[in-house]
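Beneath this line is the structure, given in structure tokens, with notes to follow.
Derivation of every value follows stated rules applied to the coordinates shown; laboratory data play no part. All values reported here derive from a predicted model rather than from experimental measurement. So basically every Cβ, Gly included, is an ideal-geometry build from the backbone, and we count neighbours across all protein chains shown.
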Amino acid sequence: MSKSEKWEPCPRCGSNRVESRGGCFFFLVGLALTGISIWLLIIPPIGIIGIITGILLMIISPFAKNMLQCQDCKKSWKYPAENNPYKKIENKID
């Protein structure tokens, strides 16, 4: 994560290894899932579920801004988190 981007430590494990996941990331994942699932239509249940999931990811991608993901425990959360215990500690220190 670049230093100019806003971030906060992971609320679950406290790690500083955090990556930003914006709307573009979810759109590309949805597009890739849809493309792969079209080829999987030879197994209709898997292909149909994959296409529906991919389309849903593309639809919700504009609303997925300011998402962060911890690289250690894989927890995803929206930045800024209101219930982050580390923010309360930082406020007490200042």
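A Förster distance of 22 Å, applied to the separation of the beta-carbon atoms of Leu40 and Ile60, puts the FRET efficiency at 0.50.
In this simple spin-label model, placing a label point 7 Å from the Cα along the Cα-to-Cβ direction at both Ser15 and Gln69 gives a separation of 1.2 nm.
Subtracting the Cα-Cα distance of Thr53 and Ser76 from their residue separation scaled by 0.36 nm leaves 6.4 nm. Arranged from fewest to most other beta-carbon atoms within 10 Å of their beta carbon, Val29, Val18 become Val29, Val18.
List the residues whose amide H sits under 5 Å from the amide H of Met67, counting only those 5 or more places along or on another chain, with H placed 1.01 Å from N in the peptide plane. Sorted by chain and number, the residues that satisfy this are Arg21, Tyr79. Looking at the stretch 7-55, the trypsin sites (Lys or Arg not before Pro) that sit in a DSSP loop and have at most 13 other Cβ atoms within 10 Å of their own Cβ are Arg12, Arg17. The length gained on full extension between Glu8 and Val29, counted as 0.36 nm times the residue separation minus their Cα-Cα distance, comes to 5.1 nm.
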